[in-house]
Amino acid sequence: MTMTGTRRIFGRLAAASLAVAALAGMSSPASAQSGEPIRIGFSMALTGPLAAVGKSALLTMQIWEADTNAKGGLLGRPVKLVYYDDQSNPATVPGIYTKLIDADKVELIVGPYATGQIAPSIPVAMQKGKVLVSLFGTAVNAEFKYDRYFSMIPTGPTPKPAFTKGFFEIAAAQNPKPETIAIVGADAEFGRVVCDGARENAIADQLKIVYDKTYPPNSTDMAPIIRAIQATNPDLVVICSYPVESVAFVRAINEIGFKPKMIGGGMVGLQLTVFKTQLGPLLNGFVNYETWLPAKTLESDLINDVIKKYQAKAGAEQVDPLGYYIPPWAYAQLQTLAAGVEGSKSIDDAKISDWLHKNPVKTVVGEIKFGPLGEWTTSQMLQQQFVNIKANTLDEFKDMSKQPILAPANLATGKVIYPYEKAK
């Protein structure tokens, strides 16, 4: 594992800022900074199966770092990100956070990406009394109940069922209403949590669960699973999978010709451009979760500015070229911590936590209020459908008419094509 800085990016911005100030005969915000940087430590999946997301998140966090320093830093001090590669492996996380706090002496921390990595970071944060703003962890604090934990994911106060709630709402609105469901997920933290929520939703909707099993994480041969599900003839199928598994599921479903009435729900990876362009038309008909898309119901000048900066750097960094999935949230994750610092006028974790619990936070993804367990007080999880995709090209996925938002109703940009077979 190696620690990386962003001296090159910050150096260019600082130099440019000072040059402009000199020409104008005025001091720049960056030049007003004094003292040692406020160091913010974290782990990120830069290798392993989650690296496509982790690298995208890191680039956005570096953009936040540069933006913040160009505006004068926090409390008049520059900020510096200190990070290590957790290799997409939860087992590496406790050691990384212990090193960041005890050896590197970072003043603040934020969480890693993904439920499986966030869970083992919380005990370290608890032991050290640190505020922890996580990135896309589903119901991670339900067991710990740590009062200095804050979640950057729009699942709201009941995160388990919220993840697939929109999927079930769409299905319930069909005539005739579906009656049976299959639930399948990875035997890992995320898969178990989201499947638990899907089970709650299915029971609430009085659906008969005809298949309910897990599989080993990072499996690549999904054909036997799909054939077993097909044998139960479910109306609906909810899949709770990580990226490599999601791709394998889509391919197996198409190869076998399995056609339930609706399928998808909780598949991680189908939000990423690299997998979208790999799968292309094979995605048609899948209804799956999203967190943000550049749709007319969700865009704002603030978020568009972040996406523009991200896309300008994405090619050189060889990360997701569109950046619709994780960048808005990685930026908002650090904005949240910064709001706590500026609001409390302190880098004391207790004061930051107290301020975040009492005050709304303005971010690029909107205003956020946190509940007692650090979850959002309201949910904004999306369900969208892939439709009319004709090629494996980037342009297909820039066209938001091919990914209409179906739920929640107040953010919808289209209506479901149902059953699934009609969208093929």
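The values are calculated or read from the model by the stated rules, or taken from the named source; none is laboratory data. The structure presented is a predicted model; accordingly, all values stated were derived computationally and were not measured. When we count neighbours, we look across all protein chains shown, and the Cβ atoms used for this are built from the backbone with ideal geometry, even at glycine.
Per-structure values
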read-out: Unique residue being crowded, with 16+ Cβ neighbours inside 10 Å, out of contact with any Phe, Trp or Tyr (no Cβ under 6 Å at 6 or more places or on another chain), assigned to a strand (DSSP E or B) and at pLDDT 95 or above when the list is 146, 84; value: 84
read-out: Residue list for the stretch 163-190, filter: touching a Lys or Arg at 6+ places or on another chain (Cβ under 7 Å) and assigned to a loop (DSSP other than H, G, I, E, B); value: 178, 179
read-out: Residue match in the stretch 302-325 (condition: out of contact with any helix residue (DSSP H, G or I) (no Cβ under 7 Å at 6 or more places or on another chain) and basic (Lys, Arg)); value: yes
read-out: Residue that is farthest from residue 258 (Cα to Cα) [pool: residues in the stretch 404-424 that are surrounded by 16 or more Cβ atoms within 10 Å (Cβ to Cβ) and of a type in the set (A, V, I, L, M)]; value: 411
read-out: Members of the stretch 97-110 found to be buried (at least 23 other Cβ atoms within 10 Å of the Cβ) and within 19 Å of residue 354 (Cβ to Cβ), listed by number; value: 108, 109, 110
read-out: Filter result for residue 268 (over 24 Å from residue 170 (Cβ atoms) and either touching a Phe, Trp or Tyr at 6+ places or on another chain (Cβ under 6 Å) or in contact (Cβ under 8 Å) with a residue 40 or more places away in the chain (or both)); value: no
read-out: Selection within the stretch 391-408 - of a type in the set (D, E, K, R) and in contact with an Asp or Glu (Cβ under 7 Å, 6 or more places away or on another chain); value: 402
read-out: Scan of the stretch 352-363 for residues that are crowded, with 21+ Cβ neighbours inside 10 Å and closer than 21 Å to residue 328 by Cα, ordered by number; value: 356, 361, 363
read-out: Filter pass, residue 164 being in the same structural domain as residue 55 (by TED's automatic domain parsing) and crowded, with 23+ Cβ neighbours inside 10 Å; value: no
read-out: Close pairs from the stretch 229-247: first closer than 15 Å to residue 419 by Cα, partner part of a helix (DSSP H, G or I), Cβ under 6 Å, at least 6 apart; value: 236/171; 238/164; 238/198
read-out: Flag if residue 319 is in the same structural domain as residue 110 (by TED's automatic domain parsing), out of contact with any Ser or Thr (no Cβ under 8 Å at 6 or more places or on another chain), surrounded by 22 or more Cβ atoms within 10 Å (Cβ to Cβ) and in contact (Cβ under 8 Å) with a residue 40 or more places away in the chain; value: no
